[in-house]
4 protein chains.
Amino acid sequence: MSFNTFGRVLRFSTWGESHGPAIGAVVDGCPPGLPLSEADIQPFLDKRKPGTSKFTTQRREPDEVRILSGLFEGRTTGTPISLMIENTDQRSKDYSDVAKAYRPGHADYAYDAKYGFRDYRGGGRSSARETASRVAAGAVARLVIPDVDIFAYVSEIGGDAIDYARFDAGEIDNNPFFCPDPEAAKRWEQLVDSARKDGSSLGAVVECVASGVPAGWGAPLYAKLDSELAAAMMSINAVKGVEIGDGFAAARLRGEDNADPMRPGNDGNPVFLANHAGGIAGGISTGQPVKLRVAFKPTSSILIPVETITREGDASDIITKGRHDPCVGIRGVPVVEAMMALVLADQKLLHRAQCGGD
Amino acid sequence: MSFNTFGRVLRFSTWGESHGPAIGAVVDGCPPGLPLSEADIQPFLDKRKPGTSKFTTQRREPDEVRILSGLFEGRTTGTPISLMIENTDQRSKDYSDVAKAYRPGHADYAYDAKYGFRDYRGGGRSSARETASRVAAGAVARLVIPDVDIFAYVSEIGGDAIDYARFDAGEIDNNPFFCPDPEAAKRWEQLVDSARKDGSSLGAVVECVASGVPAGWGAPLYAKLDSELAAAMMSINAVKGVEIGDGFAAARLRGEDNADPMRPGNDGNPVFLANHAGGIAGGISTGQPVKLRVAFKPTSSILIPVETITREGDASDIITKGRHDPCVGIRGVPVVEAMMALVLADQKLLHRAQCGGD
Amino acid sequence: MSFNTFGRVLRFSTWGESHGPAIGAVVDGCPPGLPLSEADIQPFLDKRKPGTSKFTTQRREPDEVRILSGLFEGRTTGTPISLMIENTDQRSKDYSDVAKAYRPGHADYAYDAKYGFRDYRGGGRSSARETASRVAAGAVARLVIPDVDIFAYVSEIGGDAIDYARFDAGEIDNNPFFCPDPEAAKRWEQLVDSARKDGSSLGAVVECVASGVPAGWGAPLYAKLDSELAAAMMSINAVKGVEIGDGFAAARLRGEDNADPMRPGNDGNPVFLANHAGGIAGGISTGQPVKLRVAFKPTSSILIPVETITREGDASDIITKGRHDPCVGIRGVPVVEAMMALVLADQKLLHRAQCGGD
Amino acid sequence: MSFNTFGRVLRFSTWGESHGPAIGAVVDGCPPGLPLSEADIQPFLDKRKPGTSKFTTQRREPDEVRILSGLFEGRTTGTPISLMIENTDQRSKDYSDVAKAYRPGHADYAYDAKYGFRDYRGGGRSSARETASRVAAGAVARLVIPDVDIFAYVSEIGGDAIDYARFDAGEIDNNPFFCPDPEAAKRWEQLVDSARKDGSSLGAVVECVASGVPAGWGAPLYAKLDSELAAAMMSINAVKGVEIGDGFAAARLRGEDNADPMRPGNDGNPVFLANHAGGIAGGISTGQPVKLRVAFKPTSSILIPVETITREGDASDIITKGRHDPCVGIRGVPVVEAMMALVLADQKLLHRAQCGGD
């Protein structure tokens, strides 16, 4: 079923395909009175924008957002905020290969099985281009949680991880990989370039931290903060794994090592001596930074031939020509941040629905 | 916000606390005409039941389910199915320690921060006891997808993994760990027993496979099958990580190694030469087995003292007496299976809503 | 589709049939810390209880509610509140007539067309008995909106209306019809008794007023307060019409006569000189009393033979023996009140989600 | 709370204000493979279009719809369909009166109370202009239910009703009032023109009939077809009452007169001898035409002064200059049809989710 809405009271719906006239999002339930203009959104889109280095797709889109509704005199009115980004670089190309045969790793075969046919141009709805809509919506969500600071970065590409001893948040925007470790960034230049030249691709791990989340957002069970975040992250194209806090590593710890001991703090809030839980206990935020890790598989569009079948069921080989990200996880960084913002903003509003307060 | 309903058209809502008179679930949207009785549900509850070996909690509950509605002459009527399990072994014990101070790793502090107070008896709503309701609901869901075969097992305890070369599905029910590798099962006896004697606890990884899922269930983006499964699994108590298919390992592969090449099959369906994607491409099932992995953190209730603070904010130490699972992941196996069944049954119904067919 | 959940953040789900072991409701999203016990709910159930006069069904049920979850030390915890009412008077009777042929006006034929079969005992899920669950849930909702005063009454039975000049709210509980006009109440005794003796039944109009609703609850469009209330009321068995404020009468007024002029008030809030709008403008409460009218059709179960067909499609006549309300609208009064409370409580929480405040 | 999405599996979300750059709708969950182009939608928008006679607002908008997504080679793909209509006639006018004082009958005061401020230009979000988005979405919904025939008409203006003895569906499009009774249409010319000249306005009743709905759509209780339709209709601006079938008139009938007796039919389906129930019994369609009535209040924007207060709370008088419909119910006809189509299409999909079949 084609549910394209995410969120419970702060909801957003996205629409649009890679090769249609535009893509967009409608953000519903935003509190009224928040100052908002295109200038609040554009920087996040620019961060995600293709074509900024040779390590991302060479498709060039200005990705300029227009706000079509929900504003009056520069402030949100509480009604739906419609965001639209026109598609400008839909290079006319020959899609006959993709139309005829299924690209392994792509949704091609599954789409045909589900819908009976598919828009094969540039991936249609499953194009990573859709994530621009999320980034735009996420920029609105950030306004709802002004006290929360969210940042993400790439911690691993093709199995080559950063050294946390060299972690420097100030470095994240100094390289084309959103890499907090300058030495890893240097290595990745070669690594990614080499994959690109081979016509291959690489996977990546993105980590995201939200600080300033007060204790008390979330819910004990089905709408657990962990669960909402996992759904949000796993809804991003190419994502195949999510960890909250220590994630799978926690499964290797003993209880006493996985506990996050508490000590009295000076400001009335407890001081935690560790954060294995990633800022979430029993589905509810603890006041510690919310932390998660997201696994992006390698881009499925590669120039190396892969065995496949045609729509008619005959054996074939396929390569995917065109302009592709050699490592789609890199541009996933602003998308992960956006989804974090959207979930936390929604949870803030849900918390005050049930428990009151601002 | 306390959303205790999961699912989109086949929905279930659970209720109940560890120390109330009963727990239960309401399953709504079940197709009519399915033969159902308590006997279809009980075996799954028995599998999850506490007290079956020294490796699980010594709490003893018969966990007998009663169906209170939604049946007529032994078949589902299409109206809500109310399932109730009475709590029978609520041993009266002294909870004054837990009432006064927060157990690190537990939801105690977060609950107080959210709600202002909490039911501290046996974890209240966040007790793993709630998962019995899920298991009961999952048994109903299985009837909706009779052609799908679902099984889960423990693949790792405390960092000690099975050897896949020795994988034997027939072994899973031959040991108290749901372990498909008999040698690992032997090692785990010592491992878990030793943790138990230390008053400590261990984490675990549970893997789940659903075969017989046809190509075409799921959705391209926000209701991606991956996303629904991630939300479902991450909503289980103590779960901190979810991987679909190769998950984080996919992030370490190159594009050509992560592709699941296709060859023509004899029955008209393609044959896949690998299943890195875990049976899901672009959010939609491919016809391959759906596979996922779930990380359970070590039980937070341990007898080893941990630093904490009291409700008044004073420094303290706490140990958690009582009857606890030394490795809560073990009894997570039937819960993971149940959530898999619930998501797939819901997706089947959603698919036929949009695309027709049975 | 069998959606048995109502509400957006304060949600309730009901389950149960007329002839099963019990019926019930799960209330989810209730704010924490509200004092609650069975004693808060029982009076509302008693008001709806059958068998209190000869003008209602002679089925006798104590309708005693049990709270199975969501409480700790007498206060709501913020987790689901499970309410159960056992069915005690399921008189064993012969349903073979109803099993074989369709009762016109009842859901019998539609159920068979939808589900392929039906629970024909006492109406199954479509029994008015289900409304006891709503009344129980509504009692919880009232606690969420302590400053709102809700009352309903019957304004018309079988076309015989009250005289508003004699309206006396104090009379409502002084007669078996919840009638605010003592003279109408007298007339109705004869009217209803005569219909009962004829084996016939009568329709009724129920009106409901909620005062103390502050200005600002609701939404401009799809979740308009009018829309939510209409959905709530029209979900009650036997209801076929809903009016907000003047309703259809407003369609006969000119604009200047339908306006609710405002004057400055002493307390900072405006004084309205009329309330044609029923306290709702543009979908949002204005601070005036919220007013609506609900049309109940005559009970479809009558002793007068009606032409029908059998399950096999043959012509037949049917009469519906058993214990039925000669005017089901009478016992609709506490149900309408409950639905009003449930909608308003939900809207209060939604309002503070988006706009903050308590 | 600003929920601007309607529907359960076939959902649509609308956005936009009277004086923004555009308005639009996103339709999600549409089945794949349906032929669709702007030409399928435009005729319905033209029917609703302002400025077609002197009996509607003189605002002139071409209301040309663009489909921005969800199509491939002229067919729906199963992904979201984004529909946009540009606002072209936003006459610059002086809104200072409306900005300063509240128009009784409008949402002005309630908006300020809820959101703290409001977009006062042309009603902002609460402008009837929003209904163009619904009409566009409704045109898509009609494609989902090709066997259902839907038409609506005005049965009453300002209390002057049609004579059903003269009912002629062929007349509906022959006059500017969508009136099936040519004599009433003549009377209404004078009636509406006179109200317009007085600077006043009139209410209206719109009736809608959907034939071709098979038995079995809907649900027993909270998602009753009656309830869904009531919510849909009551969500339209200016609507204050909804009746299903005989509605309030049913409350004046005796049980035997309100029954819809059944006789065996030639085609295997029953023949009903009456349709008091409006084609819905127990919340589920019976196979008879689905019928409802909707009350539109008189347009609140009138040139006759009404007492009001200013934002500062001072007494004032207000008249609403500008181009307004003297009877907003007239242009409500295509909106009611659209909402009927949207609800029925959604219910068709829900029915096949639970019960299978196409």
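Here is how the numbers come out for the structure above:
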quantity	calculated
Karplus 3J(HN,Hα) series, Hz, for segment A:294-302 with 6.51 cos²θ - 1.76 cosθ + 1.60 (x for Gly, Pro)	10, 9, 9, 6, x, 3, 7, 7, 9
Segment A:1-67 shape via C-alpha gyration tensor axes, a/c threshold 1.5	oblate
Label-point separation, B:GLN58 to D:LYS93 (7 Å along Cα→Cβ), nm	8.2
Amide H within-cut-off set for B:ILE302, under 5 Å, with H built and near neighbours excluded	B:THR320
Rounded D (µm²/s) - segment C:217-346, Kirkwood Rh over Cα pairs, Stokes-Einstein at 10 °C, 1.306 mPa s	91
Within 10 Å of each Cβ in B:261-268, the average number of Cβ atoms from other chains	5
Phi to ³J(HN,Hα) by Karplus 6.51 cos²θ - 1.76 cosθ + 1.60 over segment C:109-122, Hz, x for Gly, Pro	5, 5, 4, 4, 5, 7, 9, x, 6, 7, 7, 8, 6, x
Alpha-carbon gyration tensor eigenvalues x 5, square-rooted, for segment C:24-112, Å	34, 17, 11
Peptide-level mean, for C:42-52, of C-beta atoms on other protein chains within 10 Å	0
Chain C, relative contact order [Cα under 8 Å, separation at least 6], %	22
Only Lys, Arg (+1) and Asp, Glu (-1) charged, at Cβ; the protein assembly as shown dipole about Cα centre in debye	0
Summed side-chain charge close to D:GLU17 - residues other than D:GLU17 whose Cβ falls under 11 Å, Lys, Arg +1, Asp, Glu -1	+2
Highest average packing first - B:96-104, C:9-17, Cβ atoms within 10 Å	C:9-17, B:96-104
Cβ-defined net charge surrounding B:ALA165, 14 Å radius [Lys, Arg +1; Asp, Glu -1]	-4
Cα gyration tensor shape for segment C:79-151, rounded if a/c is under 1.5, else prolate or oblate	prolate
Interface A:B - total buried accessible surface [probe 1.4 Å, Å², rounded to 100]	8500
5 angstrom amide H check on A:GLY203, placed H, neighbours 5+ away	A:GLY158, B:LEU253
Segment C:119-243, relative contact order [Cα under 8 Å, separation at least 6], %	26
Backbone HN-Hα couplings from phi across segment A:245-252 [Karplus 6.51/-1.76/1.60, Hz, Gly and Pro as x]	x, 6, x, 4, 5, 4, 5, 9
D_trans [Stokes-Einstein, Kirkwood Rh over alpha-carbon pairs] for segment A:228-302, 37 °C, 0.692 mPa s, µm² s⁻¹	234
Stokes-Einstein D (µm²/s) once Rh is taken as the Kirkwood radius of chain A over alpha-carbon pairs, at 25 °C in 0.890 mPa s	114
Helical contribution to [θ] at 222 nm, DSSP H n ≥ 4, -39,500 (n - 2.57), averaged over the protein assembly as shown, rounded to 500	-8000 deg cm²/dmol
Shielding by other protein chains, D:127-135, mean Cβ within 10 Å	1
Cβ-Cβ FRET estimate between A:ASN266 and C:ALA169, R0 fixed at 45 Å, reported to 0.05	0.20
Between segment C:240-263 and segment C:135-210, the alpha-carbon center distance in angstrom	22
Over segment A:60-197: Kirkwood hydrodynamic radius from C-alpha pairwise inverse distances, Å	19.0
Rg and Dmax [Cα atoms of segment C:182-284; Å; Rg one decimal, Dmax integer]	18.0, 56
Anisotropy class of segment C:133-182 from Cα gyration tensor, a/c 1.5 cut	prolate
Label-to-label distance, nm, for residues given as A:ILE304 and A:GLU183 (7 Å Cα→Cβ offset)	2.8
5 angstrom amide H check on C:ALA215, placed H, neighbours 5+ away	C:GLY287
Taking all pairs of distinct alpha-carbon atoms in segment C:285-353, Kirkwood radius in angstrom	15.9
Two-decimal Rg/Rh across the protein assembly as shown, once Rg and the Kirkwood Rh are taken from alpha-carbon atoms	0.96
Loop-located GluC sites (Glu not before Pro) in segment D:287-352, at most 16 other Cβ atoms within 10 Å (DSSP)	D:GLU312
Debye log10 I(q)/I(0) for segment C:268-317, one point scatterer per Cα, at q = 0.15, 0.22, 0.26, 0.27 Å⁻¹	-0.59, -0.89, -1.02, -1.04
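The values are calculated or read from the model by the stated rules, or taken from the named source; none is laboratory data. Bear in mind the structure is a predicted one, so any value in this text is a computation, not a measurement. As a convention, Cβ positions derive from the backbone with ideal geometry for all residues, glycine included, and neighbour counts pool all protein chains shown. Quick note on the areas: whole protein, heavy atoms, side chains included, nothing else; ligands and nucleic acids left out. Shrake-Rupley method; radii C 1.70, N 1.55, O 1.52, S 1.80 Å.
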